[in-house]
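Student: Got a structure for you, questions after.
The values are calculated or read from the model by the stated rules, or taken from the named source; none is laboratory data. Worth saying up front: this structure is predicted, and the values here are computed from it rather than measured. Glycine also receives a Cβ, built like all others from the backbone with ideal geometry; neighbour counts cover every protein chain displayed. Note: areas computed on protein heavy atoms with side chains; ligands, DNA, RNA excluded. Shrake-Rupley method; radii C 1.70, N 1.55, O 1.52, S 1.80 Å.
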Amino acid sequence: MSVAVISFLAFGASQVGTPGPANMALLATGARFGFRAALPFVAGVALGKQLIIWPIGFGLMELAAQAPGIFAALKWISAAYICWLAWKVAHLRLDGARSVETAPGFLAGLIVHPLNPKAWAMIVTGFTNFVTPGTPALQATAWIAICLFGLQAILHPIWTYGGDRIAQTVAGTPAEKYLMWTLAALTVASVLFVLFGGGRA
């Protein structure tokens, strides 16, 4: 009974650090309003993920104990969805991120992840791929929550602070395409690593 913390941190970094609804909102907010003005929004985004980690953790761990087949199915479904998101990342262009008109605050950030399908898929993948069936729900959920919050505390401010600079230096250049394809490839590689033998300690 265990949680593959190191493997999950690598997977989580590939998800928290790559473009998605939350990071695009952070990028746009930083670019439009500056780092300091965006800090309440950043805090809300980081804490908002906790609102879905804990219910998913306790529900999935209970479900896994009663129906292991559903647990396995969720693993493949969530992995497939994240691979689909990676395909979208590969075709994403940063110049479409500047669409925020008013400065969002803490509450606006708090609801980003509960409404973000990428966050749900990532958390489900975390529990179904990096947690050994039979692990106590509290132990599994606490580790997933701590790991993701730590990654968000580091990576979300980076997206926000670098928003304007990234948009100005990369958007519309050949480097933008290669950056997006690299991020997408890393995401797919991390999922394949998990599915074919590397996901658990």
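Student: Using a Förster distance of 45 Å, how high is the FRET efficiency between Ala175 and Gln139, based on the Cβ-Cβ distance and rounded to 0.05?
Tutor: That pair, Ala175 with Gln139, gives E of 0.60.
Student: Additional query: Using label points projected 7 Å from each Cα along Cα→Cβ, tell me how many nm separate Phe35 and Lys88, to one decimal.
Tutor: With each label point 7 Å from Cα toward Cβ, the separation is 2.9 nm.
Student: Could you please put Glu62, Glu176 in sequence from largest to smallest accessible area, using a 1.4 Å probe?
Tutor: Glu62, Glu176
Student: Quick check: with the 1.4 Å probe, what order do Lys49, Lys88, Lys75 take by accessible area, largest first?
Tutor: Sorted descending by solvent-accessible area, the residues read Lys88, Lys75, Lys49.
Student: On to the next question. Report the FRET efficiency, 1/(1 + (r/R0)^6), for Ala67 and Thr132, where r is their Cβ-Cβ distance and R0 is 25 Å, rounded to 0.05.
Tutor: Result of the calculation: an efficiency of 0.95.
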